[in-house]
1. Taking Ile54 and the conditions (1) in contact (Cβ under 8 Å) with a residue 40 or more places away in the chain; (2) within 28 Å of Lys162 (Cβ to Cβ); (3) under 23 Å from the mean Cα position of the chain (by Cα), which numbered condition does it fall short on, given that it satisfies the others?
2. Here are some residues: Ile318, Ile309. Which one is outside any loop (DSSP other than H, G, I, E, B) and either β-branched (Val, Ile, Thr) or in contact with a His (Cβ under 7 Å, 6 or more places away or on another chain) (or both)?
3. Among the residues of the stretch 245-276, count how many are in a loop (DSSP other than H, G, I, E, B), charged (D, E, K, R) and under 17 Å from Ile157 (Cβ atoms).
4. Out of the residues in the stretch 1-16 that are out of contact with any Phe, Trp or Tyr (no Cβ under 7 Å at 6 or more places or on another chain) and either at pLDDT 95 or above or of a type in the set (Lys, Arg) (or both), state the one that is nearest to Ala261 (Cα to Cα).
5. Could you count how many residues in the stretch 133-156 are over 15 Å from Leu222 (Cβ atoms), among the hydrophobic types (A, V, I, L, M, F, W, C) and more than 19 Å from the chain's Cα centre (by Cα)?
6. Give me a count of the residues in the stretch 172-188 that are crowded, with 21+ Cβ neighbours inside 10 Å and outside any loop (DSSP other than H, G, I, E, B).
7. Applying the selection to the stretch 275-334, what residues are of a type in the set (Phe, Trp, Tyr) and closer than 30 Å to Pro173 by Cβ?
8. Could you check how many residues of the stretch 187-210 are of a type in the set (A, V, I, L, M, F, W, C) and more than 21 Å from the chain's Cα centre (by Cα)?
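The values are calculated or read from the model by the stated rules, or taken from the named source; none is laboratory data. Please read these numbers as outputs of a predicted model, since none were measured by experiment. With ideal geometry, Cβ positions are generated from the backbone for all residues, glycine too; neighbour counts draw on all protein chains shown.
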Amino acid sequence: MTYSDKLKVGILGCASIVEHALVNPARFLPELELYAIASRQYDKAMVYSKKYNIIKALSSYNDILSDPEVDFVYIALPNDAHVEWAIKAAKAKKHILVEKPLCLDVKSLYSLKEICEKEGVFILEALMVQHHAWQTELKKIIGSNIFGALKEIKTAITFIPKYDLAANYRGDPEKGGGCFFDLSPYWLQFVQSIRPLADVHYDGKSLFNGPKGIDMTFTASLEYIDNFKCYFEASFEKPYRAAHSLFFEKAILTVDDIFRANTGRFKISFTIEDLKEKTSRKLFFPPSNYYENQLRFFIDVIRGTRKNIMIENSIERIDLMNKIYCKSINSVNK
């Protein structure tokens with residue numbers, strides 16, 4: 001199938017992320033049309049439709065999947081519903097952009113992969129940070145050995161939610177709530193962009209002291225056979241921080257405020273501290289928006305001008321994410 005006209009997107013769910021991930025960046029993508037939005041609360045779909053100039057408001061997700069005009073769907077539902085509706089969308093021959101984590105149970109991804117391949121459907125887990133030049137540049141720096149070997153990475157993603165966790169799916173462990181499932185996909189994607197996640201020793205810890213027993217703060221670690229280490233802290237109860245710090249033999253490189261490019265076209269920068277010269281400098285990237293980059297990438301994939309990211313990457317991440325989480329649960333229950 002060729003897509004010479006605008007691609008029409010159908011939105012499943014009226015989550016707040018829809019504005020940042022789809023509505024705002026769509027203004028800069030003339031090849032995209034906000035065609036339909038569905039919610040089980042029809043009044044909410046109507047509000048979104050009018051507010052964001054989405055052509056159709058529907059009361060059923062199935063109505064989007066059965067509409068022949070819809071080219072791809074954006075799934076913005078609670079974590080536990082992602083894979084169910086991704087499978088239904090694939091069977092309906094709709095391309096799929098789905099919020100992270102793509103699923104909670106990695107076993108279901110094998111069925112999803114098979115259906116997508118059978119129906120000729122593209123699927124992309126919406127980890128918007130991977131569509132920015134800073135990750136490509138970091139890989140070049142690591143590969144160049146200019147600062148010596150990379151020994152360790154420390155990542156922190158912490159914030160105090162403005163929403164009521166008790167009334168949000170992130171506050172419900174049965175829906176994939178908690179800070180680790182919400183934030184670790186960004187950490188694991190970043191590590192995976194540098195090294196495969198296989199054959200690694202892992203650990204995880206949390207008190208699980210939030211609403212309904214969710215993890216409010218979670219620490220995790222990875223250690224490779226060559227002693228390369230990665231540490232992660234996620235939290236819903238600590239002040240905002242979103243940063244990667246990379247410790248080389250000769251320098252410390254920090255990517256601060258990694259989510260800065262979420263809400264508009266903003267600059268991302270590195271701070272490079274040269275340990276030998278005892279100097280510090282910044283490397284800036286031109287203003288860019290993660291979600292705009294992500295949509296442009298997926299449009300190109302659908303139109304056949306760019307190769308998609310393999311679903312195997314998501315399988316590897318989610319498998320490890322679950323192992324770390326389960327290890328932490330088991331240690332608390334001992």
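1. With respect to (1) in contact (Cβ under 8 Å) with a residue 40 or more places away in the chain; (2) within 28 Å of Lys162 (Cβ to Cβ); (3) under 23 Å from the mean Cα position of the chain (by Cα), Ile54 is out only on (3).
2. It is Ile318.
3. Residues that pass the stated criteria total 2.
4. Gly13
5. 5
6. Summing the residues that are crowded, with 21+ Cβ neighbours inside 10 Å and outside any loop (DSSP other than H, G, I, E, B) in the stretch 172-188 gives 10.
7. Selection gives Tyr290, Tyr291, Tyr325.
8. 3
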